[in-house]
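Below you'll find the structure, written out as structure tokens, and then a few comments.
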Amino acid sequence: MATPVYKRVLLKLSGEALMGTDQYGINRAAIERMVADVVEAKALGVEMAIVIGGGNIFRGIAPGAKGMDRATADYMGMLATVMNSLALADAIKQAGLTPRVMSAIGIDQVVESYVRPKALQYLEEGKVVVFAAGTGNPFFTTDTAAALRGAEMGAEIVLKATKVDGVYTADPMRDANAQRYPTITFDEAIEKHLEVMDAAAFALCRDQKLPIKIFSILKQGALKRILEGEDEGTLVHM
Ligand code: UDP
């Protein structure tokens, strides 16, 4: 078995990834497939924390929330991430690992509140920590939560799972000549106006010198290959 190139990682999954081919909600087959990737990664001995989005259930800035107070809509979005976290943790448990959900918003009857030393302890114990409710603040996204928790946990990298296997010179769905960047610096990403993550998340990772790997969650085994140091996705580095 190959030695992993990272000891501790923060995996960012979008809510959309849980939908599979459905229009909204949680697709069982999609969640089980994703968890299978997590199981493979854990088998390498990597400590893993996960931030999950909520876009499959509710997005504060979506048309459905039009006319609503933005902060109220954002709190609904954060609660959606709690539901996703519960579903993810349940699937992780059924796959034989030990998950712990920690919420940035206090809802102690449902999940425990985020406490940094406790989260660090869980990671050291080999548990999979799922961070729910984003940053706990409206006007942010779960990408920012991933950057924040990644930095707090001392993760060596933020692994951002998307539908595309990296950052391209053009939209690979529309342009057959689009080329994938295997690596790119934070400065190059800004210069080329490449939207790797939202601006707040990107700035936080850059300040903390926390590299980001953009990869496809739809490519089976991609997560494991990244952890084994193979050329997969796009690495954004200093
Ligand atoms: N959200 C928020 N603060 C946070 C994280 C999330 O207000 O720190 C809200 C926001 O409304 C967002 C929604 O939760 O639209 C779902 O999160 P996100 O859009 O990041 O989910 P994803 O696109 O990854 O599924």
Does the stretch 176-191 contain any residue that is open to solvent by less than 20 Å² (accessible area, probe 1.4 Å), within 19 Å of residue 10 (Cβ to Cβ) and not polar (S, T, N, Q)? yes
For residue 70, which of the numbered conditions (1) more than 16 Å from residue 145 (Cα to Cα); (2) more than 14 Å from the ligand (Cβ to nearest atom); (3) basic (Lys, Arg); (4) open to solvent by 60 Å² or more (accessible area, probe 1.4 Å) fails to hold? (2)
Check on residue 165, farther than 26 Å from residue 39 by Cβ and either in contact with a Pro (Cβ under 6 Å, 6 or more places away or on another chain) or assigned to a loop (DSSP other than H, G, I, E, B) (or both): no
Count of the stretch 136-162 residues which are more than 10 Å from the ligand (Cβ to nearest atom) and either outside any strand (DSSP E or B) or surrounded by 24 or more Cβ atoms within 10 Å (Cβ to Cβ) (or both): 11
Check 97, 11, 86 and return the single one that is touching a strand residue (DSSP E or B) at 6+ places or on another chain (Cβ under 9 Å) and crowded, with 21+ Cβ neighbours inside 10 Å. 11
All but one of (1) assigned to a helix (DSSP H, G or I); (2) within 14 Å of the ligand (Cβ to nearest atom); (3) open to solvent by 20 Å² or more (accessible area, probe 1.4 Å) hold for residue 117; state the number of the condition that does not hold. (2)
Can you confirm whether residue 133 is surrounded by 14 or more Cβ atoms within 10 Å (Cβ to Cβ), among the aliphatic types (A, V, I, L, M) and on the phi > 0 side of the Ramachandran plot? yes
So how many residues does the stretch 38-74 have that are touching a strand residue (DSSP E or B) at 6+ places or on another chain (Cβ under 7 Å) and not small (Gly, Ala, Ser)? 8
Filter result for the condition that a residue is touching a residue at least 60 places away in the same chain (Cβ under 8 Å) and farther than 25 Å from residue 33 by Cα, over 71, 146, 80, 95: 71
Counted residues in the stretch 35-55 being within 13 Å of the ligand (Cβ to nearest atom) and modelled with pLDDT of 95 or more come to 5
For the condition open to solvent by 10 Å² or more (accessible area, probe 1.4 Å), farther than 26 Å from residue 27 by Cα and more than 12 Å from the ligand (Cβ to nearest atom), what is the one hit in 112, 125? 125
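The values are calculated or read from the model by the stated rules, or taken from the named source; none is laboratory data. Predicted model, so just to flag it, every value in this text is computed and none were measured. Every residue, glycine among them, receives a Cβ derived from its backbone with ideal geometry; neighbour counts consider all protein chains shown. Ligands, DNA and RNA are excluded from the accessible area calculation, which covers all protein heavy atoms including side chains. Shrake-Rupley method; radii C 1.70, N 1.55, O 1.52, S 1.80 Å.
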